[in-house]
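J.: Structure below; questions to follow.
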Amino acid sequence: MKTIAFSLWGGRVSPVFESSSQLFIIGLEDNLIAWQKTISLIPLSRMESIRILPENNVDVLICGAISTPYAKMIQAQGVELFAFVTGEFQHVLQAYLNGTITVSCSMPGCGRRRRRRRRGKNQQ
């Protein structure tokens, strides 16, 4: 069984992990939801929110933007992190199950390198 946590704000993946209102945790067995629970993050500090993950045997965290220090703390606990994800919960869950989460649910501008071209006299 695999345990997946989603940081949510309403029915969507929260745009920023640090401002998530809840963790929705599901247990998957043969790609079907075997159990689920919701944990409110409103009264908790970010450190307490991170400690919830191993306490609930979370294998995967799916969230929006996340600061590097928090991402490293989560990954150091052995949790696989899918960050900079956006969308409605059901769409994101389906993309995860299909293996297309990084393609179909990435936040705009994340994960792509953009080159700026310089124009003018000093162009090299």
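The values are calculated or read from the model by the stated rules, or taken from the named source; none is laboratory data. If you're wondering where the values come from, they're calculated on a predicted model, not measured in any experiment. Every residue, glycine as well, gets a Cβ built from its backbone with ideal geometry; the counts of neighbours run over all protein chains shown.
J.: Suppose we keep only residues that are in a helix (DSSP H, G or I) and among the β-branched types (Val, Ile, Thr) within the range 45-61. Which one would you say is surrounded by the most Cβ atoms within 10 Å (Cβ to Cβ)?
T.: Among them, the one singled out is ILE50.
J.: Within the range 62-101, how many residues are within 18 Å of LEU28 (Cβ to Cβ) and outside any loop (DSSP other than H, G, I, E, B)?
T.: Adding up the residues that qualify gives 16.
J.: Then there's this: What's the number of the only condition in (1) under 14 Å from VAL13 (Cα atoms); (2) in contact with a Phe, Trp or Tyr (Cβ under 8 Å, 6 or more places away or on another chain); (3) of a type outside the set (Asp, Glu) that TYR70 fails to meet?
T.: TYR70 satisfies all of (1) under 14 Å from VAL13 (Cα atoms); (2) in contact with a Phe, Trp or Tyr (Cβ under 8 Å, 6 or more places away or on another chain); (3) of a type outside the set (Asp, Glu) except (1).
J.: Any residue in the range 1-26 that is in a helix (DSSP H, G or I) sitting within a Cβ distance under 6 Å of a residue that is of a type outside the set (Val, Ile, Thr)? List the pairs, counting only those 6 or more apart or interchain.
T.: Hits for this filter: PHE17/SER7; PHE17/CYS63; GLU18/ARG46.
J.: Taking the condition of being modelled with pLDDT of 95 or more and either in a helix (DSSP H, G or I) or among the β-branched types (Val, Ile, Thr) (or both), how many residues in the range 27-38 meet it?
T.: 1
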